[in-house]
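Each reported figure results from applying straightforward, stated rules to the coordinates on display, with no laboratory input. Nothing here was measured: the structure is a model prediction, and the numbers come from that model. Neighbour counts are summed over all protein chains in view; Cβ atoms, including those assigned to glycine, are modelled from backbone coordinates with ideal geometry.
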């Protein structure tokens, strides 16, 4: 069972799809490194992020990123988790094979 789970996770690490010419989505799984004051009491963790974007013009896209990050605590039986939700905007430059872009994410804090 562990081998099957590990195989599924490694296949899912870099997943992307294109439903049509205007809608794109993807997912990533990776290690999360805490920094700053949070890094003083949290250890390395893992996270999964899902993203989707809509190309409303040929060179502009808007979208949403959703994630789940979990960190182990330096004190036993303690862990931390967070669910980041960000909106995104991308501006794509011309190109046929390689299409560079600049983008920004906006995160609201409550």
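Observations, loosely collected:
- Considering 37, 96, the condition of being farther than 14 Å from residue 24 by Cβ, more than 19 Å from the chain's Cα centre (by Cα), without any contact (Cβ under 8 Å) to a residue 24 or more places away in the chain and not in a helix (DSSP H, G or I) is satisfied by 96 alone.
- Number of positions in segment 40-93 that are assigned to a loop (DSSP other than H, G, I, E, B) and more than 20 Å from the chain's Cα centre (by Cα): 9
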